[in-house]
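K.L.:
Would you mind keeping the following structure in view while I ask a few things?
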Amino acid sequence: EPEVTQTPSHQVTQMGQEVILRCVPISNHLYFYWYRQILGQKVEFLVSFYNNEISEKSEIFDDQFSVERPDGSNFTLKIRSTKLEDSAMYFCASSDVAGGLGGGTQYFGPGTRLLVL
Amino acid sequence: GDSVTQMEGPVTLSEEAFLTINCTYTATGYPSLFWYVQYPGEGLQLLLKATKADDKGSNKGFEATYRKETTSFHLEKGSVQVSDSAVYFCALSDRKGAWGKLIFGQGTELSVKP
């Protein structure tokens with residue numbers, strides 16, 4: 001069964017450093033998403049991406065964050081200068097239909113646990 | 001804005017007990033509703049979904065009915081197993097835009113004892 005994969009599974013970085021989180025969505029999917037879950041809190045939407053551009057972003061997704069689809073398979077989240085409060089589990093998701101239009105389903109990767117020291 | 005509220009956990013049950021996890025939502029439109037499950041050390045897996053009022057989603061013995069009149073989507077299972085121990089997330093899909101971000105509840109941890 002196709003699945004979303006994410007690398008690395010864990011990343012430890014120093015405050016102020018740049019990190020890139022990588023995701024390989026399901027191959028025929030067209031809509032891509034990043035979410036994060038701070039320990040003990042809700043899963044929060046960060047950004048959605050379609051047709052090589054951001055379609056929606058949350059207040060969390062400020063100028064320190066960027067997303068890119070550098071080739072036909074990868075989808076990346078970059079945090080330019082990490083802060084302590086960026087420590088969280090980051091989930092990538094993909095969908096073949098936009099959620100809300102005919103009930104598209106988002107399939108999630110296993111997550112990258114980011115720890116900022 | 002749209003939101004999802006779940007019952008507080010953790011919920012501890014004995015094997016074969018009946019499970020209910022309450023979920024209510026607030027939305028201005030007509031969202032799709034989802035239950036996701038997160039097993040220890042794993043990512044979020046879709047458990048079931050419903051896209052319109054009175055739809056019932058079901059999977060692996062779990063079911064939930066989309067109740068527009070009570071804005072609820074409670075998860076039920078008639079007889080839980082130890083392997084059902086996980087965190088369960090209720091979510092809605094925002095239909096305002098075409099891009100359908102998911103809005104999650106806070107998650108309910110379920111522990112099933114033999």
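Quick note: the coordinates plus some simple rules give every number you see, no bench work behind them. No experiment lies behind these values; they were computed from the predicted model shown. FYI the Cβ positions are ideal-geometry reconstructions off the backbone, even for glycines, and counts take in every protein chain you see.
K.L.:
Scan region A:1-83 for chymotrypsin sites (Phe, Trp or Tyr not before Pro) in coil per DSSP, keeping those whose Cβ has at most 13 other Cβ atoms within 10 Å, and list them by number.
P.N.:
none
K.L.:
What average count of beta carbons from other chains do you get within 10 Å of the Cβ of residues in B:18-31?
P.N.:
Mean inter-chain Cβ contacts per residue within 10 Å come to 0.
K.L.:
For chain A, what proportion of DSSP beta bridges, expressed in % and rounded to the nearest 5, is antiparallel?
P.N.:
90
K.L.:
Within straight cross-link reach of B:Lys56, meaning Cα distance under 12 Å, which aspartates and glutamates are found once same-chain residues fewer than 8 apart are removed?
P.N.:
Result set, ordered by chain and number: B:Glu76.
K.L.:
On a 32 Å Cα-Cα criterion, which of the cross-link pairs A:Lys83/B:Lys60; A:Lys83/B:Lys113; A:Lys57/B:Lys113; A:Lys42/B:Lys113 come out too long?
P.N.:
Pairs exceeding the cut-off: A:Lys83/B:Lys60; A:Lys83/B:Lys113; A:Lys57/B:Lys113.
K.L.:
Treating only the Cβ of Lys, Arg, Asp and Glu as charged (+1, +1, -1, -1), what charge dipole size does chain A show about its Cα centre? Round to the nearest 20 debye.
P.N.:
Dipole of chain A, to the nearest 20 debye: 240 debye.
K.L.:
Follow-up question, since we're still on this one. Mind checking the mean number of beta-carbon atoms from other chains within 10 Å of the Cβ atoms in B:100-112?
P.N.:
That average works out to 5.
K.L.:
Same structure again: If R₀ is 30 angstrom, what is the calculated FRET efficiency for the pair A:Gln64 and B:Tyr39, using the beta carbon separation as r and rounding to 0.05?
P.N.:
After rounding to 0.05, the efficiency reads 0.45.
K.L.:
Could you rank the peptides B:42-49, B:2-9 by their average count of other C-beta atoms within 10 Å per residue, with the highest value first?
P.N.:
B:42-49, B:2-9
K.L.:
Order by neighbour count: B:Ser14, A:Ser48, fewest other Cβ atoms within 10 Å first, most last.
P.N.:
In order of increasing Cβ crowding within 10 Å: B:Ser14, A:Ser48.
K.L.:
How big is the convex hull of the Cα atoms of the protein assembly as shown, per residue, in Å³?
P.N.:
Spelled out: Cα convex hull of the protein assembly as shown, divided by residues, is 121 Å³.
K.L.:
Just counting partner chain Cβ atoms within 10 Å, what average do the residues of peptide A:20-30 show around their Cβ?
P.N.:
0
K.L.:
At most 16 other Cβ atoms within 10 Å and a DSSP loop assignment: could you name the chymotrypsin sites (Phe, Trp or Tyr not before Pro) in region B:1-91 that fit?
P.N.:
Answer in residue order: B:Phe18.
K.L.:
Can you find, among B:Thr12, A:Pro110, B:Cys23, the residue sitting farthest towards the positive end of the charge dipole of the protein assembly as shown, where Lys and Arg contribute +1 and Asp and Glu -1 at Cβ?
P.N.:
In the protein assembly as shown, that residue is B:Cys23.
K.L.:
Fewest to most neighbouring Cβ within 10 Å: what's the order for B:Thr24, B:Thr70, A:Thr112?
P.N.:
Exposure proxy ranking, most exposed first: B:Thr70, B:Thr24, A:Thr112.
K.L.:
Still on this structure: Among B:Leu92, A:Leu21, what is the fewest-to-most ranking by other Cβ atoms within 10 Å?
P.N.:
Ascending Cβ contact count within 10 Å gives the list A:Leu21, B:Leu92.
K.L.:
Still on this structure, I have one more. Might you report the magnitude of the Cβ-based charge dipole of chain B about its Cα centre, with Lys and Arg at +1 and Asp and Glu at -1, to the nearest 20 debye?
P.N.:
Here the size comes out at about 400 debye.
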